[in-house]
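> The following block contains the structure, expressed as structure tokens.
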Amino acid sequence: MTSNYRTTSTGSTGSHGLRTGAALGGLFAGIGLAAAFFYVRGKTKQAERDNPPQGKFVEVDGVRLHYLERGAGPTLVLLHGNGVYSKDFETSGLLQQAAEHYRVIAFDRPGFGYSERPRSTVWTPEKQAALLHQALAQIGVESAIVLGHSWGTMVALAMGLQQPDFVRGLVLLSGYYYPSMRLEVAALSPPAIPVVGDLMRYTVSPLLTRLMWPALTRRTFAPMPVSQRFDAFPIWMALRPKQLRASAAETALMVPAALSLSKRYAELTVPAIIVAGTRDKIVDPGHNSERLYERLPDSQLQLTPGVGHMTHYAHPEKVMAAIDEIAAHVGEPVHMRTPEAEALARASESGV
């Protein structure tokens with residue numbers, strides 16, 4: 001009897017110890033999440049204080065969009081990639097260069113920067129293109145050349161398909177156009193999941209992403225070093241919970257979005273210049289840019305040797321030349337053309 005009693009007592013003590021350990025573990029985890037929450041909230045507020053909106057706002061169908069507008073001339077619309085916002089075109093220097101000869105409008109796409117992204121909508125390239133076209137019409141734009149980088153190229157292509165009379169030409173930088181296996185989808189999509197993802201975005205996800213940021217940027221710029229101009233990009237603006245949700249959602253959407261959009265490329269009538277780095281580690285240029293060039297009858301392919309994903313940082317002058325070439329191709333008024341575009345137009349007219 002005594003022996004049995006002792007055995008039972010020991011088992012009960014062990015179970016009690018496990019429960020106590022679990023309770024303490026839960027308590028410490030809760031304290032850690034609370035600390036992470038307050039730290040992320042503080043960094044988010046600081047980032048927004050240090051980087052207030054620098055542009056204008058327009059509201060379309062209840063969605064408030066932020067955009068930068070610079071310069072005068074033919075309208076050029078800039079659509080950024082995933083993970084950044086319109087500031088990326090400013091830190092690269094492309095926005096300032098383009099504004100010397102064009103009316104440049106650089107949107108924060110839905111959910112990025114200071115633009116809203118209602119959860120009631122699945123923000124496919126087609127949905128974004130329709131929204132941005134309405135925004136452009138509302139601010140008085142009748143036609144535009146549209147440039148997209150990375151994820152933004154799918155939005156640019158969708159706009160070209162939807163509004164061929166509005167989109168005069170496309171410049172597509174380092175785009176993802178055809179579905180493929182993407183290992184990062186499973187790793188980077190969870191912050192978009194309701195409830196669990198919300199908890200992650202306000203606590204651990206910004207901290208983990210901040211730790212990974214140097215490696216991520218090196219891979220994005222590789223094989224070239226990370227541009228010193230990118231040092232001016234405000235990291236914590238990209239790590240805010242609302243932007244992490246947009247980034248995660250677009251990561252999850254990229255494969256089905258490319259699959260859906262690629263079925264319609266043959267319908268595109270808008271002229272396009274496709275620009276890509278031959279050493280891009282984010283998007284395979286052979287599977288994407290070269291393949292798209294073969295599909296589009298009115299297109300040019302410009303591959304840049306030794307360049308990775310960030311073509312607008314590596315050679316902004318080449319991107320500007322592509323913009324000017326499209327402007328000349330679609331016949332912008334002569335007095336509005338840059339000298340480069342005018343030279344291209346004269347060469348085209350003389351049959352050179």
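> Please compare each pair in Lys56/Lys127; Lys242/Lys281; Lys56/Lys263; Lys87/Lys263; Lys43/Lys87 to a cut-off of 30 Å on the Cα-Cα distance and tell me which ones are over it.
On the way: Lys56/Lys127 21 Å; Lys242/Lys281 27 Å; Lys56/Lys263 35 Å; Lys87/Lys263 32 Å; Lys43/Lys87 18 Å.
Violating the 30 Å limit, Cα to Cα: Lys56/Lys263; Lys87/Lys263.
> Rounded to the nearest 0.05, what FRET efficiency do Val255 and Arg210 give with R0 = 30 Å and r taken as the Cβ-Cβ distance? Could you check?
0.70
> Name the shape class, rounded, prolate or oblate, that the alpha-carbon gyration tensor gives for the stretch 262-301, where a ≥ b ≥ c are the square roots of its eigenvalues, rounded holds for a/c under 1.5, and otherwise prolate holds if a/b is larger than b/c and oblate otherwise.
Prolate shape, in that a/c is at least 1.5 and a/b is the bigger ratio.
> Suppose the chain between Glu317 and Val330 were pulled fully straight at 0.36 nm per residue; how much longer would it get relative to their current alpha carbon spacing?
Values: separation 13, 0.36 × 13 = 4.68 nm, distance 2.01 nm.
Going from the current span to full extension adds 2.7 nm.
> Using a 1.4 Å probe and ignoring any ligands, DNA or RNA, find the accessible area of Trp213 and quote it in Å² to the nearest 10.
40
> Another question about this same structure. Working with all protein chains in place, sort Phe37, Phe230 by solvent-accessible area computed with a 1.4 Å probe, largest first. Walk me through the numbers on the way to the answer.
Numbers: Phe37 75, Phe230 20 Å².
Descending accessible area places them as Phe37, Phe230.
> Evaluate the distance, in nm, between pseudo-label points positioned 7 Å from the Cα of His287 and of Glu100 along their respective Cα→Cβ axes.
Result: 3.8 nm between the two label points.
> Report the gain in length on full extension from Val195 to Arg295: 0.36 nm times residue separation, minus Cα-Cα distance, nm rounded to one decimal. It would help to have the intermediate numbers written out before the result.
Values: separation 100, 0.36 × 100 = 36.00 nm, distance 4.16 nm.
Separation in residues times 0.36 nm, less the Cα-Cα distance, equals 31.8 nm.
> Provide Ile139, Ile326 ordered by accessible surface of protein heavy atoms (probe 1.4 Å), highest first. All intermediate terms of the calculation are to be shown ahead of the outcome.
Values: Ile139 35, Ile326 5 Å².
Result, largest first: Ile139, Ile326.
> Amide H neighbours of Val60 under 5 Å, at least 5 residues apart or on other chains, H built in the peptide plane: list them.
Under 5 Å from the amide H of Val60: Leu65.
> Normalising by the residue count of the stretch 144-289, find the relative contact order in percent from Cα pairs under 8 Å and 6+ residues apart.
The value is 38 percent.
> Let me spell out the model: positive unit charges on the Cβ of Lys and Arg, negative unit charges on the Cβ of Asp and Glu, origin at the Cα centre of the stretch 89-193. What dipole size does that give, in debye rounded to 20? It would help to have the intermediate numbers written out before the result.
Working: 7 positive and 8 negative charges, 46 e Å.
For this selection, approximately 220 debye.
> Also, I was wondering about something else. Report, by chain and number, residues whose modeled amide H sits under 5 Å from the one on Arg109, excluding near sequence neighbours (fewer than 5 apart, same chain).
HN-HN under 5 Å from Arg109: His80, Ser86.
The values are calculated or read from the model by the stated rules, or taken from the named source; none is laboratory data. What you see is a predicted model, and the numbers here were worked out from it, not measured in a lab. Virtual Cβ from ideal backbone geometry, glycine too; neighbours counted across all protein chains shown. Surface accessibility is based on the protein's heavy atoms, side chains included, excluding ligands, DNA and RNA. Shrake-Rupley method; radii C 1.70, N 1.55, O 1.52, S 1.80 Å.
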